[in-house]
Amino acid sequence: MLVCAGYADEVLSGTAMSGDGWRGLDLGSPYIITSVGWNPKSTTTAELGLFEGANRPDFMDAIPLYIHDGASQANRMNYASVQCSRGFRYVRYLKSATKGEYKIQALEFRGVAGAGDDSRLSQLTNLPTVVIHTKDNQAPYDKEHEIDCIISVISDDGRTLLCDSATIRERGNASRSFPKKPYRIKFANKHHVLGAPANARKWTLINNYGDKTLMRNALAFELSRKLGMPYTPFCAHVDVVLNGDYKGTYQLCDQIEVRKHRVDITEMTPQDNSGEALTGGYLIEADAYANEEKSMFWSQSGTGVTIKSPKEDSITQAQHDYIASHYSMTEKNWSSYLDLNTFLRHFLVGELSGNTDTYWSLYLYKRRANDTMYVGPVWDFDLAFDNDGRTYPISSLSDYIYRTKGSTTGYLRTLVDQIVVHDTGAKQRLAAIWAEARRAGMTEEALTDYIDAQEEMLYASQKLNFMRWKIMNQYVHQNPCVWGTYENEVNNIRRYIPTRLAWMDAKLGFDAATLGIESPDAVPAAQKILINGQLLIRRNGKVYSPEGRLVTGY
């Protein structure tokens, strides 16, 4: 039975519609849906069900009306109100990822006649909802083929709508092997999606499948900001619906590309083949998967490097040869070519987060008329914060993770050793950057507050996510433990933070407890001493550098 009943007991008949895993109605004209009802066959049907409304018979313009989580009473109608001011001619119900037996025995749509407006649309949870409908209901299937679609981004409690035609494809490497796929979307027009700084067409939808907290990438980006990286990718947690199928909690994020408010360097053209124009800008990635890419090179030291910009369909041979030569020179003579500031800050993000893959994949960029190679942005932290059984628990390792059990590609482990192990000046600068960040608020309290806020923000969405992907009690990817609940997963990160901060303090010679993590300017003049032209701080009978390192012999 499938009916749409109007108020004043007016029953509206419609033409039944159906498809693969869905049932619906053509109401003949638009109606503003005010409530939906469903009658399941049994209480054991703990599945997600999505109600959608559209004004095209192919549902390309469909948006959600309501999602139910299967907590319903069997053999009776269950009702839910709908907060959506737009009128729809076509309505339907879909059960997530369901093919075969249809377990809902009756549906009901109630509403009032009218086209309505877009003043208030439905979000699935408190997170923005990203709705994607592809042409002919085709699912993305690889990283090369772009599939036409319409994307609607509903945010601000349903009061803000971004809708545009677009294309979608899969993205990523190892993450593509998971049943919950990562995607790259490309709008027909540029947008500041969800208030992002960049006005761009290309965006990523990160799946965070093996990270059951769903927040590790966002937390790492917070470390990047606190450690002063010049560019940290924008991200926002969202719910994603693809062709009426709820796909779960995703992270909408910048595409790493050359663009203002992203990697802000000169974008090259095929005509930039000589002189100063040939020198940049370039965006590259030292990457263990580089041999799978079309536009790549091998450095003289054996590192595979993907060229991200100029793009593979426009790069010239002169440009390819120039950046390949320049990167090889950087590996051989880092002190002349590598920007130590971005390298060390990027290094600290990787080590503080305990990221197994920091040097498995490393972004670098080069500006025009500048020989320096800069490092960044940070990226890919699903295995960080004690989420890798090969390195768990990270803070029990005797040395930096990249030197012990971390994954590195090509020449990178040797290169990093040369800088943070063997170069005295670089090690001193590393300690100073760490102390600067600690004094500026890189504290257990600040990071725990951020985790708490993320947990609260994600709580409603994660419930739906782990109904869609029933993995909470399974080992996924490199999980070190099955913690059993979302709260326990997040608590694993909470336990990690103070332990890792203490480990890093000890490694870098920073006495946070004694110095109080304060600026030297705030230290009373009576505690400051000048010895051999060096400003030192005397406290509790000990002498410290302004960075918080204990100085012996005084």
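We did not get these values from a lab; they are worked out from the coordinates using the rules stated. Model, not experiment: these values are computed from the prediction. With ideal geometry, Cβ positions are generated from the backbone for all residues, glycine too; neighbour counts draw on all protein chains shown.
Observations on the model:
- GluC sites (Glu not before Pro) within the stretch 115-208: DSSP coil, no more than 16 neighbouring Cβ in 10 Å: GLU144, GLU146
- In summary, the helical segments of the chain meeting the span-like criteria, namely a full DSSP H run, a Cα extent along the axis of 30 angstrom or more and a mean Kyte-Doolittle hydropathy of at least -1.0, are 444-468, 486-508.
- Farthest towards the positive end of the charge dipole of the stretch 368-457, among the residues GLN418, ALA384, SER396, is the Cα of GLN418, using unit charges on the Cβ of Lys, Arg, Asp and Glu.
- Magnitude of the charge dipole for the stretch 253-327, about its Cα centre and with charges confined to Cβ atoms of Lys, Arg (+1) and Asp, Glu (-1), is about 80 debye.
- Karplus-derived HN-Hα couplings along the stretch 377-390 (A = 6.51, B = -1.76, C = 1.60, θ = phi - 60°), whole Hz, x at Gly and Pro: x, 6, 6, 6, 10, 5, 9, 7, 6, 6, 10, 9, x, 6
- Residue (of HIS320, LEU252, VAL490) at the positive-pole extreme of the chain, dipole from beta-carbon charges: VAL490
- When the charge dipole of the stretch 30-182 is built from unit charges on Cβ atoms (+1 for Lys and Arg, -1 for Asp and Glu) and taken about the Cα centre, the candidate among SER81, ASN126, CYS149 whose Cα reaches farthest toward its positive end is SER81.
- ALA106 long-range amide H proximity, modeled H, under 5 Å: ASN39
- Placing unit charges on the Cβ atoms only, positive for Lys and Arg and negative for Asp and Glu, gives the chain a dipole magnitude near 620 debye about its Cα centre.
- In this structure, the amide hydrogen of GLU257, modeled 1.01 Å from its nitrogen in the peptide plane, lies closer than 5 angstrom to those of VAL263, counting only residues at least 5 positions away or on a different chain.
- Each residue of the stretch 103-119 is assigned a 3J(HN,Hα), and the resulting list reads 9, 9, 9, 7, 10, 8, 10, 10, x, 10, 5, x, 6, x, 8, 10, 6 Hz, derived from the Karplus form 6.51 cos²θ - 1.76 cosθ + 1.60 (θ = phi - 60°), x at Gly and Pro.
- At an R0 of 30 angstrom, the distance between the Cβ atoms of ARG56 and ALA446 translates into a FRET efficiency of 0.05.
- Charge tally for THR129 (other residues, Cβ to Cβ under 12 Å; Lys, Arg +1; Asp, Glu -1): -3.
- Simple point charges give the picture: +1 on the Cβ of Lys and Arg, -1 on the Cβ of Asp and Glu, and for the stretch 129-254 a dipole about the Cα centre of about 360 debye.
- Cross-link pairs exceeding 19 Å between alpha carbons, from the set LYS103/LYS181; LYS181/LYS470; LYS226/LYS332: LYS103/LYS181; LYS226/LYS332.
- Filter on LYS507/LYS542; LYS180/LYS366; LYS95/LYS135; LYS135/LYS180 - keep pairs with C-alpha separation over 24 Å: LYS180/LYS366
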